[in-house]
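Please read the structure below before turning to the comments.
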């Protein structure tokens with residue numbers, strides 16, 4: 001049984017533009033990825049079902065069902081690094097309407113020789129915003145990734 005773990009050591013990478021969702025984890029792993037350097041935080045992501053409602057007049061009750069699933073929009077905050085290949089790739093991706101493969105590596109291996117959990121998904125880079133702040137702030141960039149697929153998980157070992 002694995003225990004709790006921190007985000008310390010997590011990695012976020014952008015892959016190539018794709019026209020279709022890869023069939024499985026092996027197809028995702030076969031793609032080439034560029035790590036995004038100086039990531040400070042990776043926001044929440046993962047499926048959430050929409051709620052479909054029906055107002056039943058005879059009972060005066062709203063009935064609910066699960067609708068389509070949405071893996072969300074993940075904000076990625078980084079330090080503003082002018083020559084980082086990963087950030088450059090995100091900037092270029094935001095300028096297109098293309099979908100890209102993404103990889104998140106979570107530092108939760110179960111044994112010293114094990115492997116960390118990997119999450120793969122397809123998404124659109126929908127924004128790139130700078131935050132300057134005040135004197136004692138690091139200038140940051142926030143990219144939003146609108147996830148457009150199921151999240152494929154490779155479990156830690």
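Computed from the coordinates by the stated procedures, all read-outs in this text should not be read as laboratory data. Not measured: the values here are computed from a predicted model. Note that we place each Cβ from the backbone using ideal geometry, even for glycine, and neighbour counts take in every protein chain shown.
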Inter-probe distance in nm under a simple model that places probes 7 Å from Cα toward Cβ, at residue 70 and residue 88:
3.5
With equal scatterers on the alpha carbons only and no solvent term, can you work out the Debye log10 of I(q)/I(0) for the chain at 0.18 1/Å?
-1.10
Residue-span extension gain [residue 49 to residue 150] - 0.36 nm each, minus C-alpha spacing:
35.1 nm
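Taking only C-alpha pairs under 8 Å that are 6+ residues apart, what is the relative contact order of the chain in percent?
Value for the chain: 27 percent.
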Could you work out [θ]222 nm for the chain from helices alone, using -39500 (n - 2.57) per DSSP H run of at least four and dividing by all its residues? Round to the nearest 500 deg cm²/dmol.
-2500 deg cm²/dmol
Normalised by the number of residues in the stretch 1-89, what is the relative contact order in percent for Cα pairs under 8 Å and 6+ residues apart?
30
Please build a GNM for the chain, connecting alpha carbons under 10 Å apart, and tell me which residue among 99, 128, 66 fluctuates the most.
66
Extended-chain gain in nm, criterion 0.36 nm per residue less alpha-carbon gap, residue 109 and residue 8
35.1 nm
Can you sort 122, 51 from fewest to most other Cβ atoms within 10 Å of each residue's own Cβ?
51, 122
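Got a sec? How would 124, 90, 31 order by Cβ neighbour count within 10 Å, fewest to most?
Arranged by neighbour count, lowest to highest, 124, 90, 31 become 31, 124, 90.
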